[in-house]
1. Over all Cα pairs of region A:205-293, how is the pair count split among 5 Å bins, expressed in % and running from 0 up to the last occupied bin?
2. Exactly which GluC sites (Glu not before Pro) in region A:159-211 are in a DSSP loop and have at most 15 other Cβ atoms within 10 Å?
3. Suppose accessible area is computed on protein heavy atoms with a 1.4 Å probe; arrange A:125, A:283, A:137 from highest to lowest.
4. What accessible area, summed over both chains, is buried at the B-A interface (1.4 Å probe, Å², nearest 100)?
5. Just tell me which aspartates and glutamates come within less than 12 Å, Cα to Cα, of residue A:185; anything on the same chain fewer than 8 places away is out.
6. So what is the calculated 222 nm ellipticity per residue for chain A, using -39500 (n - 2.57) for each DSSP H run with n of 4 or more, over all residues, to the nearest 500 deg cm²/dmol?
7. Could you name every residue in region A:69-90 that has 40 Å² or more less accessible surface in the full protein assembly than in its own chain alone (probe 1.4 Å, ligands and nucleic acids excluded)?
8. Before I look further, what does chain B give for accessible area per residue, probe 1.4 Å, in whole square angstrom?
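The values are calculated or read from the model by the stated rules, or taken from the named source; none is laboratory data. Keep in mind that this is a model prediction, so the values were computed, not measured. Because the Cβ atoms are built from the backbone with ideal geometry, glycine has one as well, and the counts that use them run over all protein chains shown. These accessible areas exclude ligands, DNA and RNA; they are computed on the full protein's heavy atoms, side chains included. Shrake-Rupley method; radii C 1.70, N 1.55, O 1.52, S 1.80 Å.
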Amino acid sequence: MITGTDLRDRLEHDIKTDRYVLNMGPQHPATHGVFRVVLTLDGEVIVNAEAVCGYLHRGIEKLAEARTYTQVIPYTDRMDYLAAMLNNLGYVQTLEKMMGVEVPERAEYIRVICAELTRIASHLISVGTYSIEIGGITGFFYCLRDREKILDLIEMISGSRMTVSYMRVGGVSEDLPAEFLPQVKKLMKELPAAFDEYDGLITGNEIFQARTKFVGVLNPETAINYSASGPMLRASGVNWDLRKARPYSVYDRFDFEVPLGRNGDCFDRFRMRILEMRQSVRIIEQALEGLPEGPFMGKAPKVIKPPVGEMYHEIEGARGILGYYLVSDGSPKPYRMHVRRPSFINLGLLSELCRGWKLADVVAILGSVDIVLGEVDC
Amino acid sequence: MFGKGLATGLEITLKELFTPKVTIQYPEERAPLPARFHGRFTLDKEACIACGLCQNACPNRVINCVRTKVDKKNVLTGYHMDIQYCLFCGLCVEACPKGALRFSQDFEMACYHRENVPLVLLAEGDRPACDVSAAGGKEVKAGD
């Protein structure tokens, strides 16, 4: 005779559904571009999530080999197109390290201002799209409204909104325009209030919290083992920010904090970005205060010919550690370029994070990793 | 209390209802463009010394500047840009020693036919100085 308890036991342990494979993407709005996930499901539960990337592969590393060092700069914009200034910065700093070029003080400050503005703009997209992915369209428009102001400033400096190509070996391509300083100061006053708005609209929302808190938990050991970086790593409570840990440029002169998460869940990863934006505002304000007079371009040779050898240099990008590896054979073109793209490496955790969670959580987890496909595929 | 976060959010959206609108009704209204805006290119034909630096600076080989040598001096006789491959990075404008090549504020470059896309800043035969080639000037391709 089968008792009720037995039946429940059987239902829970013995009776299983067939596993099936569900394809998500490459045309899926939540994947932020052309990206495909092949999900193996047991009922509604994820057994395995296989990331398939390469739909946006343009071979930028290979293209670089056929171009002079300066001509590669516009290509770096197109990797993480949401944070082009940071890509520029990593690339030119690698070359400067290779050639021992001195960068004037003013240029360093301009670079920090631009890099942090871009970091805010990039995080705004991340925060906004995450709000959409959880089902709240409103939050997105608030983020884009403020990102627009930052893009206007970046356009004022470089002439382009996203693909800036602003930094050069030895400095930056042009000095800050006169109308820039009052506007950026005004914006820095406005932004903290805007961050409060996002907190009220998105972070504090009960539905949002129910969908993200304790979902896709990443413990610090796994994060380190997978060499995750950026907000993803710090959400798990690992204090590793290159701006603090190994300061480059003039970051050692600014007073800012590295926000850390406690649980390593989707909510923490989302929260990291809002907290980081607040810190970026602090950095920009300090940089504006200390902005020295002087040249914006150092003494760099016209034709860039680094000595034979190799160089690896990394900076803290918007999504994690952005590293450039350059090999020079003494010619004006790089022999080999490799980029450590944080999105790509963070994406390796996708399967680990999704396993055991429900199908509906995949979008929440993927959004919290915050990938940019231009960077994943390069 | 459950629902407090929702109420806060609604309060923020309600407040936004009374703030001025930020949307610009393009094309009736236009946002002001910054002076450095990367729009369509313009070329000051008189200032250009046909050095070909812009052509060499381009990462995508967009620029083709046709030069004619007259009395050991280069004269520009044609200037074409395959603008469909242009990245608008500004390396060519930066490379110009005479400030002849510049960005304009024109960004509306969409057109109906593909053959209209390439930008001809100086067509061969446009230039009165072009009769120099008849006077024995030999055409040289920049970059050779």
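1. Values per bin, smallest distances first: 3, 14, 21, 20, 15, 11, 8, 5, 2, 1, 0.
2. Working: sites: A:174, A:179, A:190, A:197, A:206; in loops: A:174, A:179.
When the GluC sites (Glu not before Pro) of region A:159-211 are filtered for loop state and at most 15 Cβ neighbours within 10 Å, A:179 remain.
3. Details: A:125 25, A:283 0, A:137 90 Å².
Correct descending sequence by accessible area is A:137, A:125, A:283.
4. Working: alone 10580 and 16050 Å², together 24450 Å².
It comes to approximately 2200 Å² buried between B and A.
5. The qualifying aspartates and glutamates are A:285, A:289.
6. Numbers: 16 runs with 185 residues, N = 378.
Mean residue ellipticity, 222 nm, calculated: -15000 deg cm²/dmol.
7. Going by heavy-atom accessible area, the residues of region A:69-90 that drop by at least 40 Å² are A:71, A:74, A:75, A:78.
8. Details: 9470 Å² over 144 residues.
Accessible area per residue: 66 Å².
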